[in-house]
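Inspection log for the structure reproduced underneath, given as structure tokens.
Each value in this text was obtained by applying a stated rule to the coordinates, not by laboratory testing. Because the structure is predicted, anything quoted here is derived from the model rather than measured. Cβ sites come from the backbone with ideal geometry, for glycine too, and all protein chains shown count toward neighbours.
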Amino acid sequence: MTRTLLRSAAYLDVAAGEIVHDDVLIDGDVIGSGAEADETVDCRGMLLVPGFIDCHTHVALTEVLSANWLDLPRSARALSAVPVLRTLLSLGVTTVRDAWGADAGLRLAVERGWIDGPQLLISLRQVCTTGGIGDHYSVASGPVGGYAEPSMPDPVFDGADGARAAVRRMVRAGADWIKAAITGSIAAGTGVHDVQFTPDEMRALVEEAAARGRDVMVHAHGARGAELAASCGARSIEHGVYLDEQAVEAMAVNGTFYVPTLSCSKIPEHRRSVRLAVDAGVPIAMGTDNPVTPHSTVLDEISLLAEVGLGAVGALRAATINAAQLLRLPDRGEIAVGKRADLVLLDGDDLDVSHLADRVKAVWHNGKRYR
Ligand SMILES: [Zn+2]
């Protein structure tokens, strides 16, 4: 096992919110202690931060946004993720939660080292009731092809028993997370304030997921959908463009995380929702909803979070320790002895997060230097 000493490092202690000046030792795949090393990297004038975590991305949907995606073979969708995963890792993103689109084959390809990429947690498809945003359906031709295959199970359900069956289908095909859509989407342009699950359906999703050791991430734009999902035990609310006081209160009381994905909308209501959530004490985690904006701009989300009221440290926490807590991955998200050696070395030792992508000098993933 190689021991690499990052000498004279300034690193961000995300828990304390302070910059610490000390050497950091990478011991195999974890952060170790001591100064004995096989190699050293001079980190003077640079800042080490934990590997970034994008809690809401779509690594395999870049081609789906193109005009002719229905004419592409299915393999094209999976292969389109290869350069995306490489780009994310080169920018210091070492863990991602895919919010639908990636299947278990892609996760396996990363695990086996066939392709380079962050650790990939998958949700397969977004479960919803008939006519919801996961129900790709044409009144002319019926279900829209391209997604329906054994590795990407049918996400549409109705009723509490149907909700349980939908969770079981996703788990059977290897989902790490259950992604559910309780409202319409801004992209689809309809139903953003609708509540498309009954309380029984929402509860059944959470209960069945929990019984299988999974959590539920819920796409919700309208406040009432977010409130219902939070009160039924959803682990995170995604987007939450139109939250109100009552919704953020339900999230705070239930310990629900909020993944605002500011990259996907710049409207004032959305920024207001984030400020309401912060004031209510809701934990915020970073997610982009890319490829709504290009994956190469992933780190812009951190700067958007900083600007909207989290500040630089709060935004970096959202992308590291808070994200790790949301994902129940206690082995990462901060620079401390025993944690996974997922590290990003930034040029300059200041906490300005406005141009992070330009500052990335080196990336270690599981202790292995990628860049
Ligand atoms: Zn999304």
Starting from the Kirkwood Rh over alpha-carbon pairs, what translational D in µm² s⁻¹ does the chain have by Stokes-Einstein at 4 °C and 1.567 mPa s? 62 µm²/s
The distance between the Cα centres of region 253-304 and region 184-199, in whole Å, is 18 Å
Can you tell me the orientation of helix 245-254 relative to the chain, as the angle in degrees between its alpha-carbon axis and the longest Cα principal axis, to the nearest 10? 70 degrees
Tensor-based shape of region 1-158 (alpha-carbon gyration tensor, a/c under 1.5 rounded, otherwise prolate or oblate): prolate
Please identify, among 35, 99, 285, the residue showing maximal mean-square fluctuation in a Gaussian network model of the chain using a 10 angstrom Cα cutoff. 35
In debye to the nearest 20, the charge dipole size for region 109-213, taken about the Cα centre with +1 at each Lys and Arg Cβ and -1 at each Asp and Glu Cβ, equals 200 debye
Give me 11, 147, 370, 137 ranked fewest to most by other Cβ atoms within 10 Å of their Cβ, as a rough exposure proxy. 137, 370, 147, 11
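Can you tell me how region 321-371 classifies by the Cα gyration tensor, rounded, prolate or oblate, using a/c under 1.5 as the rounded cut?
In terms of gyration-tensor shape, oblate.
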With only Lys, Arg, Asp and Glu charged, each at its Cβ (+1 for the first two, -1 for the last two), find how big the charge dipole of region 88-147 is about the Cα centre; round to the nearest 20 debye. 60 debye
Ordered by packing density, taken as the mean number of other Cβ atoms within 10 Å over each peptide's residues, highest first, how do 255-266, 323-334, 294-305 rank? 255-266, 294-305, 323-334
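Evaluate region 241-336: find the radius of gyration of its Cα atoms, find its Kirkwood radius, and give the ratio Rg to Rh.
Result: Rg/Rh = 0.96.
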Suppose only helical runs count, i.e. DSSP H with n ≥ 4. What mean residue ellipticity at 222 nm does that imply for the chain under -39500 (n - 2.57) per run, divided by all residues and rounded to the nearest 500 deg cm²/dmol? -8000 deg cm²/dmol
Projected onto their principal axes, the Cα atoms of region 1-82 stretch, largest extent first, over whole-Å spans of 56, 31, 20
So how far, in whole Å, is the C-alpha centre of region 113-175 from the one of region 353-368? 33 Å
With Cα atoms, 0 to 90° folded angle of helix 159-172 axis to the chain main axis: 40 degrees
For the peptides 25-33, 240-248, what is the packing order when you average, over each peptide's residues, the other Cβ atoms within 10 Å and list the highest mean first? 240-248, 25-33
Residue (of 274, 1, 306) at the positive-pole extreme of the chain, dipole from beta-carbon charges: 1
In square nanometres, what is the average projected area of the Cα convex hull of region 54-139? 6.1 nm²
Let me spell out the model: positive unit charges on the Cβ of Lys and Arg, negative unit charges on the Cβ of Asp and Glu, origin at the Cα centre of region 52-326. What dipole size does that give, in debye rounded to 20? 520 debye
Relative contact order, percent, region 52-326 [alpha-carbon distance under 8 Å, six or more residues apart]: 16 percent
Determine the shape class of region 162-206: with a ≥ b ≥ c the square roots of the Cα gyration tensor eigenvalues, call it rounded for a/c under 1.5, and otherwise prolate if a/b is greater than b/c, oblate otherwise. oblate
Sorted peptide list for 84-97, 36-49, criterion being average Cβ within 10 angstrom, highest first: 84-97, 36-49
Projected onto the charge dipole of the chain (+1 at Lys/Arg Cβ, -1 at Asp/Glu Cβ, origin at the Cα centre), which of 322, 82, 186 gives the Cα projection farthest towards the positive end? 82
In the chain, if the dipole is taken from +1 on Lys/Arg beta carbons and -1 on Asp/Glu beta carbons about the Cα centre, which of 142, 199, 47 is farthest to the positive end? 142
